[in-house]
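Let me begin by presenting the structure, written as structure tokens, before commenting on it.
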Amino acid sequence: MSTIPERARRPGNWNLIAAISRVPGMINLILQRRIYHLGLTFLALFGVVLAVGLVTSASFFSEAVDRAILLQEMNAFTKVTGRPPFSTSVYTFPSSRFPVPLEQAELLSKQIANILTGQVGLPVRQSGLLVSSGGMMMRAPENSDLFAGNEFLGNARVVYVEDVSDHLEILSGQPPASAPASADVLAIWVHQKTAEKINLSVGETLGVSVTLSSPVVPMRVAGIWKAKDPKDPFWFSDPDSTLSDAFLVRRDDYIRFIQPVVPSGSREASWYIVLDEKSVIPQRSPEYIAGFTQALTEIQRYLPGARLNSPPLDPLKSFVNRSAVLTVILLAYNLPAFGILLYFLVITSTIMAQWQRRETAILASRGMNPVGLVNLTLAEQILLFVIGFPIGVGLGMLVARLMSLTT
């Protein structure tokens, strides 16, 4: 009885085993042929390195120039806006039909950041939240002679800015983090400009109301402030201008005093999002442009009427146009070089075929069929490519570097 397993007796398995057993012999034959024709081997390897280097050099150079152009466009955009390049603000004006109280605005912060990250494809580096009461009537306290009997002192906004305390320079009074809370009086922080304009000092009391007939919310000045650094990326715009007429309050105080008297909870809610420009890939710029548009569409599903303020669409579109022109120029530059390279490769292949003609005839006379000859030649070329490819990539980087040094 035969002890050979049934599977081993199948013709397919025998063919596979025979093919595997021939691999060491073929590798030895390839090495012997390459060593014997050492000059041809180096010539063929040089052709592979030159081809890979020429093809990759344009790609490396184009990618480097693309990044330089994109950074140039983004820097110009930053000089105009004073903000990080990939920053934007999502804002909405709530109404009684679509109210946005502070608690809901906080829940929406993470959702909006996730939408922008998912659609644009860049991680969030920084996010912020601002909730405002909108225009309210600033009123003098009852029985006060401080404002010469004027009951209406002008318009005022009561604003909550998330994590703002560390970015304020308190000129007088106490910072928001250490000022005592009161259940009866709203503690406010007044900008230096407003304090000087209406002659306010720490400890004085005011009031705000939605209308003259509405209940008055009593307020006490807890501090006078200005921004530590108006150009800090924390701010979406210069706070000494955009928030100079605002009364800053703490989160719990806004919820306790202001939110109940504003029917929609707030009259303005904005989310400041800064995406990480260090993760930008220039070739994906069209995707970034489409991502901002798609993000706004998705955000509007949760916040009807929401808008994007100053996304970097214009510099991205300008970069895409300039990058397309650069690609055409590089292609025109490389076409003659590709022609010369093709001619060189044809000559090299012809020389190698002539030198190996006798060996090929001997292999055929010893029983190697045409398929075996093709496989042998293919294996030789694969070996040359495996050796020459990394060297060619290095050559391409060197050529790109030399191209970058030209004017």
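The values are calculated or read from the model by the stated rules, or taken from the named source; none is laboratory data. All values derive from a computational prediction rather than experimental measurement. Every residue, glycine as well, gets a Cβ built from its backbone with ideal geometry; the counts of neighbours run over all protein chains shown. Ligands, DNA and RNA are excluded from the accessible area calculation, which covers all protein heavy atoms including side chains. Shrake-Rupley method; radii C 1.70, N 1.55, O 1.52, S 1.80 Å.
Hey, can you tell me all the residues within region 175-189 that are of a type outside the set (G, A, S), more than 11 Å from S165 (Cα to Cα), surrounded by 15 or more Cβ atoms within 10 Å (Cβ to Cβ) and within 43 Å of the chain's Cα centre (by Cα)? Outline the logic, then answer.
From region 175-189, those of a type outside the set (G, A, S) are 175-176, 180, 184-186, 188-189; that's our starting set.
This time we only want the ones that are more than 11 Å from S165 (Cα to Cα), so: 180, 184-186, 188.
Filter once more, so that each one left must be surrounded by 15 or more Cβ atoms within 10 Å (Cβ to Cβ): 185-186, 188.
Hits for region 175-189 are L186, I188.
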Checklist entry - Counting only residues that are under 15 Å from R284 (Cα atoms) and of a type outside the set (A, V, I, L, M), how many does region 295-313 have? => result 1
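Within region 119-131, does at least one residue satisfy the condition of being assigned to a helix (DSSP H, G or I), open to solvent by less than 40 Å² (accessible area, probe 1.4 Å), at pLDDT 90 or above and among the β-branched types (V, I, T)? Talk me through it step by step, then tell me what you get.
Restricting attention to region 119-131, the residues satisfying the condition of being assigned to a helix (DSSP H, G or I) are 119-120.
When the remaining residues are screened for being open to solvent by less than 40 Å² (accessible area, probe 1.4 Å), the result is 120.
Restricting the remaining residues to those that are at pLDDT 90 or above gives 120.
From the residues that got through so far, the ones that are among the β-branched types (V, I, T) too are 120.
Yes, region 119-131 has at least one match.
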Checklist outcome for this item: Across (1) in contact with a Pro (Cβ under 8 Å, 6 or more places away or on another chain); (2) at pLDDT below 90, V164 clears everything bar (2)
Checklist outcome for this item: Note on region 239-252: residues surrounded by fewer than 22 Cβ atoms within 10 Å (Cβ to Cβ), under 13 Å from S132 (Cα atoms) and in contact (Cβ under 8 Å) with a residue 40 or more places away in the chain are D245, R250, R251
Checklist outcome for this item: Within region 71-87, residues without any contact (Cβ under 8 Å) to a residue 24 or more places away in the chain and either surrounded by 15 or more Cβ atoms within 10 Å (Cβ to Cβ) or touching a Pro at 6+ places or on another chain (Cβ under 8 Å) (or both) come out as L71, N75, T78
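Got a sec? Which of G47, G25 is modelled with pLDDT of 65 or more and open to solvent by less than 90 Å² (accessible area, probe 1.4 Å)? Outline the logic, then answer.
On the way: G25 fails: modelled with pLDDT of 65 or more.
Criteria check complete, one pass: G47.
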Checklist entry - Out of region 245-261, which residues are among the charged types (D, E, K, R) and part of a helix (DSSP H, G or I)? => result R251, D252, D253, R256
Item to check | Residue ID - nearest to L200 (Cα to Cα), chosen from residues in region 92-140 that are out of contact with any Ser or Thr (no Cβ under 7 Å at 6 or more places or on another chain) and among the hydroxyl-bearing types (S, T, Y) | outcome: T92
Checklist entry - Among the residues of region 88-109, is any under 25 Å from I258 (Cα atoms), free of Cβ contacts under 8 Å to residues at least 12 places away in the same chain, open to solvent by 60 Å² or more (accessible area, probe 1.4 Å) and part of a helix (DSSP H, G or I)? => result yes
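What tally of residues in region 262-281 results from selecting those that are in a helix (DSSP H, G or I) and surrounded by 20 or more Cβ atoms within 10 Å (Cβ to Cβ)?
Looking only at region 262-281, we keep the residues that are in a helix (DSSP H, G or I), and these are 277-279.
With surrounded by 20 or more Cβ atoms within 10 Å (Cβ to Cβ) added as a condition, the list becomes none.
Qualifying residue count, region 262-281: 0.
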Item to check | Number of positions in region 222-237 that are out of contact with any strand residue (DSSP E or B) (no Cβ under 8 Å at 6 or more places or on another chain) and touching a residue at least 40 places away in the same chain (Cβ under 8 Å) | outcome: 4
